[in-house]
Structure formats: C-alpha cells, structure tokens
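Report on the structure given below.
Please treat every number below as a calculation from the coordinates, not as lab data. Since the model is a prediction, treat every value here as computed from it, not as a measurement. With ideal geometry, Cβ positions are generated from the backbone for all residues, glycine too; neighbour counts draw on all protein chains shown.
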Amino acid sequence: MRISMITGVRSRFHGPDIKTSLRPSEDHGRVVLKDSADIGSTLPSEEKAAKEIVNKMLTSSAGFLEMRTLTKAARKLGLPNMEKLLANGVRIAVHRDDPFALNRRLFVAEYDPVGKVLRIAPRRLSVSTVLHELGHALDDVLEPDKSPGEPVLKSGVDSGLKKLYKDYCERTWNLSWWNRLWKQGLWSDYATENEHEYLAEGIMFFARGPGDREKLHKNDEGLWEYVRKMMAPFPFRKICAF
C-alpha cells in the first residue's frame, strides 16, 4: 500500500485475511476476548451501522462483494474510528479504470491525504488492504492539517512513534538470516519502509484479529500500546467459549 503524494512508495499486496478461531480446549469455558467483527451475525445492528457509514463514505455505488469486504473492515476498525474518518471528510473510491486505457491503474490501493480519498481497485479489495489504507487515513485525521491542501500526518511529527520505528528497524536489521526467514521477532517486513507504513501496518495487525494483535504485542509491544491508545475505544467483546 502507499500514501499517495506523500511517500511515493510502491503498493504492496497483503495476503489472504487471517481468520482466527476459538483457542484450544484449555480455553473452553473461560471468558475470552474476540473482536466484534469476528462474532458475525450476533451483532446485526453493528453491521447495519457499519454499512451505513461505508455508504456515506463511498463516492459511487459498490457491488455486493465489495460492500461486504468494506463493511467487515469497518467493523474490525471499530465504528468510533470510522465515524471519526467520516466526520473528517474521508471518502472511499472503488477505482474502476478502463482496462484498455494506456494509463490504467487496475491494481491501485492508496490513500491520498490531500484529497482525503482512499482509492482501491476491485481486484485489490481485501479486508487487510482496506484496513491498511484506513490506517493511513487515521494517521492523517488525527493531526490537523497545516492549511487546506497541506496535510500533516501524525506519523510524520510524533517523536514517540519515530523512536518506536527506529528501534524496530534496528532490531530487524540485527536479526540473523534464519530469524528473518522464519520471522522470529519480525512481525512485518513492510513496516520498515517508513514511519507512515510502520503505523499503517500496526493498525492493520491490531484490527485484523486476535491472532495478529497477539503477534504484534509479542514482537513490538511499544507499537501495540501506541495503536491501542490511538484507536480507543476499540470494539472488543467478551464472549464465552464452549
């Protein structure tokens, strides 16, 4: 993914969304935390609210599968965070280019902080990709613009986040080739690209599900805590596992 007109870095594909299930039998009978988006049809009102927010953010109509993916990503990010994006003028454009045009961008997935627009091609639509780009949008709206057309990103001015990013890069650079191969102590290669991608990846991992959130906490507790405070209130739900 990338931030359009800010970092100029290449887009990147995120693999299939990781689905988590209830933990092994030793957790049975205990109260465990799961994301509201993972509970599914037990929260129809929340799904309806998420769909309404997404509809207001869309610049044009979306198909059934597109809407389903966008709504699931919205629920995972949390309705308060989506409402914050909507209130700050963030829009979502499902980018359908002419497949025969010379300047086609069939694989676009980017957030433009100047226009406050998340552009994404249908073939790039996945919950992971949408969460990453929404992470860029949150990074944008949490810091007031310098002036109209001159956005300021929180990841570009926050010294605490810059230190977390620098520490993470140093840790990954010092890993042995074996640990890098098996991602021991490394939760995301792309997070080392720059501070903007570091934060967007962190938001994606935190919001995508309990398994990814645990991986982020294990390998980068500082960023986990930073994102937790940044995204509060986050849609955890207590449910019983049987």
Expected sort for 124-131, 78-85 on mean C-beta neighbours within 10 Å, highest first, is 124-131, 78-85
A chain fully extended from residue 107 to residue 68 at 0.36 nm per residue, minus the present Cα-Cα distance, gains in nm 12.1 nm
Stretched fully, the stretch from residue 52 through residue 83 gains (0.36 nm per residue minus C-alpha distance, one decimal, in nm) 10.1 nm
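Would you please calculate the Kirkwood hydrodynamic radius of region 188-231 over all C-alpha pairs and express it in Å, rounded to one decimal? Kindly include the intermediate steps, with their values, before the conclusion.
On the way: mean 1/r = 0.0992 Å⁻¹.
Evaluated over region 188-231, this radius sits at 10.1 Å.
Based on the Cβ-Cβ distance from residue 123 to residue 159, what FRET efficiency comes out when R0 is 41 Å, to the nearest 0.05? Please list the in-between numbers first.
Numbers: r = 39 Å, r/R0 = 0.94.
FRET efficiency, residue 123 to residue 159: 0.60.
How much length is gained on full extension from residue 170 to residue 143, taking 0.36 nm per residue of separation minus their Cα-Cα distance?
In short, 7.0 nm is gained.
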Pseudo-spin-label distance residue 96 to residue 61, built 7 Å along Cα→Cβ, given in nm, is 0.9
